[in-house]
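Inspection log for the structure reproduced underneath, given as structure tokens.
The values are calculated or read from the model by the stated rules, or taken from the named source; none is laboratory data. Bear in mind the structure is a predicted one, so any value in this text is a computation, not a measurement. Note: ideal-geometry Cβ built from the backbone for every residue, glycine included; neighbour counts use all protein chains shown. The area values use the complete protein model at the heavy-atom level, side chains included, leaving out ligands, DNA and RNA. Shrake-Rupley method; radii C 1.70, N 1.55, O 1.52, S 1.80 Å.
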Amino acid sequence: MKYMIEYSVRTAGLSHDENFANQEGLLNAFGKWQPETGLTVLAFVSTLNSDSGYVLVEADDPKVIASFVSKYIYWNDVDVVPVVDVAEIVAINTESLAWARSASSG
């Protein structure tokens, strides 16, 4: 299963010094991170101002995703969304449309 993880670094309400410490702590922690067993990182990108980004990952066990995300909740706000490839959703939607048309006719 694929998951799109959107993250944003938490800065609201922090003082100048707290923001520096927060960023330093996050960078130190990330420098020690290795992907969990069973986690495949397909893309890991940042916005240009580096305060948010996206991680496209794949894992068979959702607990692997929870393990990854929970490591960074001290610094980041995170949203995890299960996703499928467009080709797969097109096939599903095609079947659903055919069913809906058949089910809604006389």
Please name whichever of Ala59, Ser105, Thr47 sits farthest to the positive end of the charge dipole of the chain, dipole taken about the Cα centre and charges placed at Cβ: Lys and Arg +1, Asp and Glu -1. Ser105
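How large is the helix-only mean residue ellipticity at 222 nm for the chain, computed as the sum of -39500 (n - 2.57) over DSSP H runs with n ≥ 4, divided by its residue count, in deg cm²/dmol to the nearest 500?
On the way: 3 runs with 45 residues, N = 106.
Computed mean residue ellipticity for the chain: -14000 deg cm²/dmol.
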Hey, what's the chain come to in accessible area per residue, 1.4 Å probe, Å²? 70
So how strong a dipole does the chain carry about its Cα centre when Lys and Arg Cβ are +1 and Asp and Glu Cβ are -1, to the nearest 20 debye? 140
In nm², the average projected area of the convex hull spanned by the Cα atoms of region 15-106 is 9.3
Can you work out the Karplus-derived ³J(HN,Hα) for every residue in region 85-96? Use 6.51 cos²θ - 1.76 cosθ + 1.60 with θ = phi - 60°, whole Hz, and x for glycine or proline. 5, 4, 4, 5, 6, 4, 4, 5, 5, 5, 5, 5
Among 35-48, 64-77, 87-100, how do they line up by average Cβ neighbours within 10 Å per residue, starting with the highest? 64-77, 35-48, 87-100
Report the one residue of Leu27, Val9, Thr94 whose Cα lies farthest in the direction of the positive end of the charge dipole of the chain (charges on C-beta: Lys and Arg +1, Asp and Glu -1; origin at the Cα centre). Thr94
